[in-house]
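Engineer: The structure under discussion is supplied below as structure tokens; questions concerning it will follow.
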Amino acid sequence: MYHLRNIICGLLLLSCLSRSFAQDLDVSSPDEQLVVKLSLDRGRLYYHVFLQGKEMLEKSPLGLRGSQVDLSSSLRLIEKKSGRIDETYTEPKIKTSTVRYQANELVCKFENQNKNQLEVVFRVSNNNIAFRYHVPQTGEAANFIIEEELSGYKFPLVSTTFLTPQASPMIGWMKTKPSYEEEYVADQPLGVPSKYGVGYTFPSLFHVGDRGWVLLSETGVNSLYCGSKLSEGTKDGLYKIAFPEAGENNGIGRANPTIALPGYTPWRTLTVGSNLKPVVETTISFDVVEPLYKPSKSYSYGRSTWSWLLWQDGSINFDDQKKYIDLSAALGYEFVLVDNWWDTRIGREKIEQLAAYAKDKGVGLLLWYNSNGFWSDAPQGPKNKMNTAIARKPEMAWMQRIGIKGIKVDFFGGDKQETLKLYEDILSDANDYGLAVIFHGSTLPRGWERMYPNFVGSEAVLASENLIFTQHANDTEAFNASLHPFIRNSVASMDFGPVLLNKRHNRENNGGTTRKTTETFQLATAILFQTPVQNFGITPNNLVEMPAYVIDFMKKVPTTWDETVFIDGYPGKYCVLARRHENTWYIAGINAEEKPKTLRVSLPMLSGKEVMLYSDNQGREPQRTSVGLKKNKTLTLSLLPGGGNIIVGE
């Protein structure tokens, strides 16, 4: 009887301890509005997310499963610890140059029946959650081949989605996909199959009925892991982390990642808000990562022109590139981008002459490269100069010698760990030679602006070149533009190539596809789209065809921002966004709907000030007026379909 009583007491004590652990496995934001609750159910780990007491994510799975070790089942809690994070950092390449990151952290260590361990790290800041896994080394095995990450997101059935599909491997032009250039579908029900059946790209936006919004993404991805995506969703609202497809990058490399032990996975991020303001203003992609190396020099950013966008391949010759250098000089721009085929159509000797000519004009040269070794059929040169260190280093040394400021590297087509290593190797080598880097035909940057000091931005979007390729892209331009501040551009710099002032998209401005948006809309995208080096679609004829104040605006518009503030909007319909550069505020508004829109917006940062308002007249032509903003801090904006407004003031 005594022995039985001891057993019963022990079971009761274990039950109490389990309940105590369960109650304590919570972590909240500093303002206590956002709460994450962890729980164990029959040895499996789950989490819930609540905002202001409302359930934003239902019971969602956590865990890792390896080829030899299962860290997703038969788990028991063996240790937990909590902490606080309060740090301030500066990063001129993102939407807000100085950020104070305050968060509460919960680290829980679990163990399976074989004594293998898994640590789960949650950091919760106001409106943001970041979590990742740490796998300690518990035996001889010094690496962990991850077959599956069980991390999931179970959305309430009231939710709708704003997603873009991941493309199947080796499809598209010259087998260059996936390249994050698919179209979004707005306000779609949960669980609708994606276009290609292989899931969705990050970032991914969900509207949780009248409760609010959740933006999903990941950050801290480098050569030690693969880029992940979101799986196909179930009808009951569950989406999970999924790894790349085996066929990406021509089948080269393993699709699932392997980490050294002890090792970390990348951060999974969630931005959670009762409205869209936290989604647009979030900096979580940069808050939880650190620089991976020191800059070899102080990198500069700014504006660039490039002939290829509207003048296409025929402009890659010495004389046309001089015209664009002259254009950048006339606008006071810092750069000109020389696009594909320059190695054969201009030649290295002439490129050296162009670099010297540009330097005399106060303009820096950027050069395009094909990343390719053997993973697509894209023919453009220079090829086989960026895919190996032996080829890269002498190429970069030559560029450093002649004064090239940076490179644009294109056509990657995959998210495997092998491919992420190529991105990182290019960045690291380029830093050694003082070169800034833009990626095109590429994956989403995942914290790279802070991780890599010479990283500028990536395309990873259905960008402006499509306006030249198809009329459909022009017909849907306003819709797509009104999505990006809420989704793609919210988590990373976006090399879109905005501001096409030609009414017709060809060299002579008299043929090809037709622009449907207004000139003021185009100007607004210079503010709406964020990346520290903007490759604008300005052409030489714009200097004489556009009103002087339009060109004057483009001469002054900055590309780096000290502050970003969401004013109003709904993804796919309209957006009003404010950005501050030093003491000057730029507020951009665009309308993607078919009817005119009148908005009363609150602008406390310009209360009582005289501001310059750029808008559209009824003939859809640009106009500029001076407006006094009253002490009530509000202003009425009138936006035509496919039109825009810009307010500039100090």
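The values are calculated or read from the model by the stated rules, or taken from the named source; none is laboratory data. The model shown is predicted, which means the values in this text are computed figures rather than measured ones. Cβ placement follows ideal geometry from the backbone for every residue including glycine, while neighbour counts extend to all protein chains displayed. The protein model used for the area step is the full one, side chains on, heavy atoms only, and it has no ligands, DNA or RNA in it. Shrake-Rupley method; radii C 1.70, N 1.55, O 1.52, S 1.80 Å.
Engineer: When the Cα atoms of region 458-527 are enclosed in a convex hull and the volume is divided per residue, what value in Å³ results?
Structural biologist: About 79 Å³ per residue, rounded to a whole number.
Engineer: Further, regarding this structure: With a bin width of 5 angstrom, please list the P(r) values of region 371-428 as percents of all Cα-Cα pairs, from the 0 bin to the one holding the largest distance.
Structural biologist: P(r) over region 371-428, rounded to whole percents: 4, 17, 30, 26, 15, 6, 2.
Engineer: What accessible area, in Å² to the nearest ten, does a 1.4 Å probe give for I252?
Structural biologist: Counting only protein heavy atoms, I252 exposes about 70 Å² to solvent.
Engineer: I'd like the per residue volume of the convex hull spanned by the Cα atoms of region 491-650, given in cubic angstrom. Kindly include the intermediate steps, with their values, before the conclusion.
Structural biologist: Values: hull volume 18.7 nm³, N = 160.
Output value, Cα hull per residue: 117 Å³.
Engineer: If you roll a 1.4 Å probe over the chain with all protein chains in place, what percent of the accessible area is carbon or sulfur? Walk me through the numbers on the way to the answer.
Structural biologist: Details: 12110 of 24290 Å².
With neighbouring chains kept in place, the figure for the chain is 50 percent.
Engineer: Tally Lys and Arg at +1 and Asp and Glu at -1 over the other residues with C-beta under 15 Å from the C-beta of K573: what net charge comes out?
Structural biologist: So the environment of K573 carries a net charge of -3.
Engineer: Do any GluC sites (Glu not before Pro) in region 78-167 lie in a DSSP loop with no more than 12 other beta carbon atoms within 10 Å, and if so, which? Spell out each step's value before the answer.
Structural biologist: On the way: sites: E79, E87, E105, E111, E119, E140, E147, E148, E149; in loops: E140.
Here the sparse-neighbourhood loop sites are E140.
Engineer: Additional query: For region 58-206, how big is Rg over Rh, using alpha carbon atoms and the Kirkwood form of Rh?
Structural biologist: Reported Rg/Rh (Cα atoms, Kirkwood Rh): 1.03.
Engineer: Next up: With a bin width of 5 angstrom, please list the P(r) values of region 214-311 as percents of all Cα-Cα pairs, from the 0 bin to the one holding the largest distance.
Structural biologist: 2, 9, 13, 14, 16, 15, 16, 11, 3, 1, 0
Engineer: How compact is the chain by the rule of thumb for globular proteins, expressed as Cα Rg over 2.2 N^0.38 Å?
Structural biologist: Taking N as the residue count of the chain, the ratio is 1.00.
Engineer: Return one whole number: the accessible area per residue of region 469-575 in Å², for a 1.4 Å probe.
Structural biologist: Values: 2860 Å² over 107 residues.
Counting only protein heavy atoms, the per-residue value for region 469-575 is 27 Å².
Engineer: Ignoring solvent entirely, what values of log10 I(q)/I(0) come out of the Debye formula for region 142-195 at 0.26 Å⁻¹ when each Cα is a single scatterer?
Structural biologist: -1.02
Engineer: Using the Kirkwood radius built from alpha carbon pairs, what does the Stokes-Einstein equation give as D for region 453-495 at 25 °C and 0.890 mPa s, in µm² per second? It would help to have the intermediate numbers written out before the result.
Structural biologist: Details: Rh = 11.3 Å.
Taking Rh from Cα pairs, D becomes 218 µm²/s.
Engineer: Can I ask one more? Project the alpha carbons of region 56-119 onto their principal axes and report the range along each, largest first, in whole Å.
Structural biologist: 47, 27, 24
Engineer: At 1.4 Å probe size, with no ligands or nucleic acids counted, give the accessible surface of K555 in Å², nearest ten.
Structural biologist: Using a 1.4 Å probe on the heavy atoms, I get roughly 90 Å².
Engineer: Counting only C-alpha contacts under 8 Å and six or more residues apart, can you give the relative contact order of region 526-650 as a whole percent?
Structural biologist: Computed over region 526-650, the figure is 24 percent.
Engineer: Bin all alpha-carbon pair distances of region 257-368 at 10 Å intervals from 0 and give each bin's fraction as a whole percent.
Structural biologist: P(r) for region 257-368, in whole percents per bin: 12, 29, 18, 22, 18, 2.
Engineer: If you add up the charges near R620, with Lys and Arg at +1 and Asp and Glu at -1, over every other residue whose beta carbon is less than 12 angstrom from its beta carbon, what do you get? Spell out each step's value before the answer.
Structural biologist: On the way: positive: K503, R515, K516; negative: E519, D616, E621.
So the surrounding residues net to 0.
Engineer: Another question about this same structure. Summing -39500 (n - 2.57) over the DSSP H runs of n ≥ 4 in the chain and dividing by its residue number, what mean residue ellipticity at 222 nm do you reach, to the nearest 500 deg cm²/dmol?
Structural biologist: Calculated from helices alone, the mean residue ellipticity at 222 nm is -6000 deg cm²/dmol.
Engineer: Another question, then. Tell me, how many Å apart are the Cα centres for region 438-484 and for region 208-224?
Structural biologist: Region 438-484 and region 208-224 have Cα centres separated by 18 Å.
Engineer: Skip the ligands, DNA and RNA, and give the accessible area per residue of region 284-336 with a 1.4 Å probe, whole Å².
Structural biologist: On the way: 1940 Å² over 53 residues.
With all protein chains present, region 284-336 gives 37 Å² per residue.
Engineer: How fast does region 517-556 diffuse by Stokes-Einstein, in µm²/s, taking the Kirkwood radius from C-alpha pairs at 20 °C and 1.002 mPa s?
Structural biologist: It diffuses with D of about 196 µm²/s by this estimate.
Engineer: Out of every Cα pair in region 202-268, what percent are spaced more than 18 Å from each other? Kindly include the intermediate steps, with their values, before the conclusion.
Structural biologist: Working: 1080 of 2211 pairs.
Percentage above 18 Å: 49.
Engineer: In addition: Can you figure out the FRET efficiency of K109 with A391, using R₀ = 56 Å and their beta-carbon distance, to the nearest 0.05?
Structural biologist: 0.80
Engineer: Can you give the log10 of the normalised intensity I(q)/I(0) at q = 0.34 Å⁻¹, computed with Debye over equal Cα scatterers of region 30-73?
Structural biologist: So the normalised log intensities are -1.12.
Engineer: Could you compute how fast region 156-227 diffuses translationally, taking Rh as the Kirkwood radius over C-alpha pairs and applying Stokes-Einstein at 10 °C with viscosity 1.306 mPa s? Give it in µm² per second. The partial results should precede the final answer.
Structural biologist: Values: Rh = 13.6 Å.
For the chosen part, D equals 117 µm²/s.
Engineer: Keeping all protein chains in place and using 1.4 angstrom, which order do M170, M451 fall into by accessible surface area, from largest down?
Structural biologist: Working: M170 45, M451 5 Å².
Output order, biggest surface exposure first: M170, M451.
Engineer: Hey, any idea what Rg/Rh is for region 109-159, computing Rh the Kirkwood way over Cα pairs?
Structural biologist: 1.08
Engineer: Within a Cβ distance under 9 Å of Y239, other residues only, what is the Lys/Arg minus Asp/Glu net charge?
Structural biologist: Neighbourhood net charge equals +1.
Engineer: Hey, another quick one. Restricting to the chain, compute how many DSSP beta bridges are antiparallel as a %, nearest 5. Show your work: numbers first, answer last.
Structural biologist: Details: 125 of 149 bridges.
Percentage antiparallel, nearest 5: 85.
Engineer: Name the helices (complete DSSP H segments) of the chain with a Cα length along the long axis of 15 Å or more and a Kyte-Doolittle mean of at least -1.0, or state none. List each step's numbers first, then the result.
Structural biologist: Working: long enough: 2-24 (33 Å, 0.63); 318-331 (20 Å, -0.39); 348-360 (18 Å, -1.07); 389-402 (20 Å, -0.30); 417-432 (23 Å, -0.84).
Span-like helices in the chain: 2-24, 318-331, 389-402, 417-432.
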